[in-house]
Amino acid sequence: MPAGFVWGAVRAGIKASGNPDVAIAVAPGGAIATAMYTSNLVVAAPVIVGRRHLLSTGGRFGAVLANAGNANCATGTPGIEGCVATCVAAAQTFGCIFDEVVPSSTGIIGVPFPAEKVVAAMPALKSAVGDTAAHAEEFARAIMTTDTRVKMAHAVIPIAAGPESPISGQVRIWGCAKGAGMIHPRLGTPVGTPPAAPHATMLVYLFTDIAADVPDLNAALAAAVAPSFNSISIDGDTSTNDTVLLVASGASGVRLTREVTPAFDSALADVCLSLAHQIIADAEGVTHVVILDIQGAATPADADLVARTIANSPLCKTAWSSGDPNWGRLLAAAGRSGAIFQTENVRMWIAAEPVFEYGVRAPEFNEAAAHAAMMQPEYTITIDLGEGTATTRFLTCDLTAEYVRINADYST
């Protein structure tokens, strides 16, 4: 585990199940943090308060306080006041300033936030924290809602002494995430970078013991999020609470210099990609993970348009649930995406099976083989638009009757 942090979780009585539902991660010696938040115009109280706290402190961090079972969204002024009250209670309990506490919530929207339950849980939470992997796992477990498994990833970066970094040693990164439905993150710029606009739910917490300044963390986080959390979709619904928080304690003694940056950025990207994949693999009702490999686009924006449109097409997603190689749905979705391409230039494969090329069904199209490929737990659909060199890889999944069952009665 990265040095400089303690984690813990308790039962506060927010979840109807009675499972742990309030979690905290504390940096007793202080830390520096940055975050990227949802771009949904409707944002939860903890997004408003968390962004305000990070801006007011210049990224100084004492703790992240998370609850599951209530999103504290569309709760008006009482929701904001309750969120601030929990930050004050956490600061008093763990010895930091209230605006050095970053709040997070996940759960149902529009239900009054039981701040009093979170505040009452503080003494038990203080007794529950520790610096072991087991404590961190308890933190990760408590933030789950419809998730069926804990989502965690880590990396260790060996650092050799050099001109810019005279200290050798190890830098560690550990991250956890929750999310299984209402997943189509569109995270805005890191807090404090221009434009500083507002940006069940995706919550991601990344902890490292490297020493870094906010601008360096902003650059690292933005680069890691683009191909990971901003390149996944379960159902096309962007949450009101999406948060990706990166915290650096500095306890390793190694500074994020120009010399160290490539190795750190690579490791952070690996952790984020792993967590993003774990989110899709645990999607509500999932039976197939689908990688969309879009090639040959005229621009990166066109590649992204095609990927997102296919990933969020109910016709495509339901076909994937039964392994139906209906490539016409893929082509039609690409055509309405807004990307510019000529149909006669397009080629398409399901796994290794050619299904469409140059305006017509591929001569080698084998429906049975394509169906067999689609019955695998994970496979890739490749589309070459034949227009340029831009590419993207986007992670998504099928849409099943189980997803409908879970979400048809989520609040009742």
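Side notes on the structure shown:
Yes or no, residue by residue, for (1) at pLDDT 95 or above; (2) closer than 24 Å to residue 26 by Cβ; (3) among the acidic types (Asp, Glu):
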{"residue": "153", "(1), (2), (3)": "yes, yes, no"}
{"residue": "161", "(1), (2), (3)": "no, no, no"}
{"residue": "166", "(1), (2), (3)": "no, no, no"}
{"residue": "179", "(1), (2), (3)": "no, yes, no"}
{"residue": "187", "(1), (2), (3)": "no, no, no"}
{"residue": "191", "(1), (2), (3)": "no, yes, no"}
{"residue": "212", "(1), (2), (3)": "yes, yes, no"}
{"residue": "239", "(1), (2), (3)": "no, no, no"}
{"residue": "242", "(1), (2), (3)": "no, yes, yes"}
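- Residue under evaluation residue 306, criteria (1) part of a loop (DSSP other than H, G, I, E, B); (2) closer than 21 Å to residue 380 by Cα; (3) touching a helix residue (DSSP H, G or I) at 6+ places or on another chain (Cβ under 7 Å), criterion not met: (1)
- Cβ pairs under 7 Å, 6+ apart, first in region 398-412 and closer than 24 Å to residue 323 by Cβ and in a loop (DSSP other than H, G, I, E, B), second among the aromatic types (Phe, Trp, Tyr) and at pLDDT 85 or above: 398/320
- In a residue-by-residue description of region 350-364, the property of being modelled with pLDDT of 95 or more, farther than 23 Å from residue 398 by Cβ and within 30 Å of the chain's Cα centre (by Cα) applies to no position.
- Residues of region 40-67 satisfying the condition of being over 17 Å from residue 177 (Cβ atoms) and among the β-branched types (Val, Ile, Thr): 42, 43, 48, 49, 57
- One residue stands out among those in region 96-152 that are among the basic types (Lys, Arg) and under 30 Å from residue 407 (Cβ atoms): the one that is surrounded by the most Cβ atoms within 10 Å (Cβ to Cβ), which is 151.
- Unique match (being surrounded by fewer than 21 Cβ atoms within 10 Å (Cβ to Cβ) and either outside the structural domain of residue 143 (by TED's automatic domain parsing) or in a loop (DSSP other than H, G, I, E, B) (or both)) among 41, 55: 41
- Pair list, Cβ under 8 Å, 6 or more apart: region 91-113 residue within 22 Å of residue 244 (Cβ to Cβ), other residue buried (at least 23 other Cβ atoms within 10 Å of the Cβ) and among the charged types (D, E, K, R): 106/178
- No other residue among 78, 28 is part of a strand (DSSP E or B), surrounded by fewer than 22 Cβ atoms within 10 Å (Cβ to Cβ) and modelled with pLDDT of 95 or more apart from 28.
- Per the listing 84, 102, the residue uniquely assigned by TED's automatic domain parsing to the domain that holds residue 210 and within 27 Å of residue 250 (Cβ to Cβ) is 102.
The values are calculated or read from the model by the stated rules, or taken from the named source; none is laboratory data. As the structure is a prediction and not an experimental result, all values here were calculated from the model. Cβ: placed from backbone, ideal geometry, glycine included. Neighbour counts: every protein chain shown.
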